[in-house]
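Let me begin by presenting the structure, written as structure tokens, before commenting on it.
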Amino acid sequence: MGNMKNDITAGPGAPAKKEGLRAWLTSDTPNSRGHAKVVQFYLGWLSLTRNPLAMVGLAIVVSLVLVSLFAPLLATHDPLAQALQLRLLPPLSPDHILGTDELGRDIYSRLVYGAGITLYIVTLVAVTAPVAGLIVGTVAGYLGGWVEVVLMRLTDIFLAFPRLILALAFVAALGPGIENAVLAIAITSWPPYARVARAETLTIRNSDFINAIQLQGASTARIVIGHVTPLCLSSVIIRVTLDMAGIILTAAGLGFLGLGAQPPTPEWGAMISTGRKFLLGQWWVAAMPGLAIFTVSLGFNLLGDGLRDVLDPRSSK
């Protein structure tokens, strides 16, 4: 009887608390700046969850992160261990679910460890190239004049070359290696972000609130960093997410040409490069890393489309 009484008294309170929390998360009148940010994030999350393809992309990206973090637990073999007596085993072989390569190394384990390398490249490029492009674009758009001319013509020079060709030139000058590949990709990836940031800055630099801040005596650096840059972030974030697939393909292309991660590192592009020799007879050696690149690229594209719908105020809701 006592348990029944507790259930009766506690039952109505739980839905009330849940409804109270939901009302707080969806409030039209936030009581603080932090509350407003929480409401904005929650409403954006709700909008994202209504897009099933975006959720598929998010699941793929989260899976990439989890596989990278728990690679030692998920891998069934040492990715560098060779067993020539087991070379070129087909998929679904005993102890080798995705088969083995030309040196008898387990393809599944190499894909699992290769996910960490892909995430490493994507993360480094994502925290360097957009920042550089955001600085160049906002400064050029806000200051205008000869500063804008110089910065935008420099941007046009980088945009005149295909990204992969320009990255090849930088890697050839710096030398092969994963760090140099990341640096080359970052150097060639910032111009689109500069264009996006400049376009956003041009639309807001003559706004009333910017004029009010200027009348208060704020410096140019404070206006650009504290007020213009935050308003450009959403567009840049959308572009970053949509560019992740291109970054992955560029990194894989450098690895395929032997200018990225060096053997025996289990990088997906390098795995395709070695597997192309066996494409007709043992297709799985190249097809499995190619499928991994395709899946991750698709995931970032789907997530980017969903984030564009959530973060772009001009998109239809």
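How far apart, in nanometres, would the label points at residue 74 and residue 262 be if each is projected 7 angstrom from Cα along the Cα-to-Cβ direction?
A separation of 2.8 nm, rounded to one decimal place.
Treat each spin label as a single point 7 Å out from the Cα along the C-beta direction, and report the residue 28 to residue 220 distance in nm.
Modelled inter-label distance: 4.3 nm.
Let me have the 222 nm mean residue ellipticity of the chain computed from DSSP H runs of 4+ only, each contributing -39500 (n - 2.57), with the sum over all residues rounded to the nearest 500.
Details: 15 runs with 226 residues, N = 317.
After summing the helix terms and dividing by the residues of the chain, the value is -23500 deg cm²/dmol.
For segment 215-283 and segment 106-180, what is the separation of their Cα centres, given in Å?
7 Å
Take residue 277 and residue 159, extend 7 Å from each Cα along the Cα→Cβ direction, and tell me the distance between the two endpoints in nm.
4.3 nm
Given an 8 Å cut-off on Cα distances and at least 6 residues of separation, report the relative contact order of the chain as a percent.
Averaging sequence separation for qualifying contacts and normalising by length gives 22 percent for the chain.
Let me know the charge dipole size of the chain about its Cα centre in debye, to the nearest 20, where only the beta-carbon of Lys, Arg (+1) and Asp, Glu (-1) is charged. Display every interim value, and only then the final one.
On the way: 22 positive and 18 negative charges, 120 e Å.
Dipole about the Cα centre, nearest 20: 580 debye.
With a ≥ b ≥ c taken as the square roots of the eigenvalues of the C-alpha gyration tensor of segment 237-306, please select rounded if a/c is under 1.5 and otherwise prolate if a/b is larger than b/c or oblate if it is not?
Details: a/c = 3.44, a/b = 1.78, b/c = 1.93.
Since a/c reaches 1.5 but b/c is at least a/b, the shape of segment 237-306 is classed as oblate.
Give me the percent of Cα-Cα pairs in the chain that sit more than 36 Å apart, rounded to a whole number.
Counting every Cα pair in the chain, those more than 36 Å apart make up 36 percent.
Is any helix in the chain, taking whole DSSP H runs, at least 15 angstrom long along its axis by alpha carbon and on average at least -1.0 on the Kyte-Doolittle scale, and which ones? Could the numbers behind the result be given before it?
Values: long enough: 13-25 (18 Å, -0.47); 33-49 (24 Å, 0.28); 52-69 (26 Å, 2.58); 107-126 (28 Å, 1.49); 129-143 (21 Å, 1.69); 145-159 (21 Å, 1.31); 163-174 (16 Å, 2.45); 178-204 (39 Å, 0.63); 229-256 (39 Å, 1.55); 284-311 (40 Å, 1.15).
What comes out of the filter, once short or polar helices are dropped, is 13-25, 33-49, 52-69, 107-126, 129-143, 145-159, 163-174, 178-204, 229-256, 284-311.
Readers should treat all values here as calculations from the given coordinates under stated rules, not as data from a laboratory. Note that the coordinates shown come from a computational prediction; the quantities given were computed from them, not determined experimentally. Note: ideal-geometry Cβ built from the backbone for every residue, glycine included; neighbour counts use all protein chains shown.
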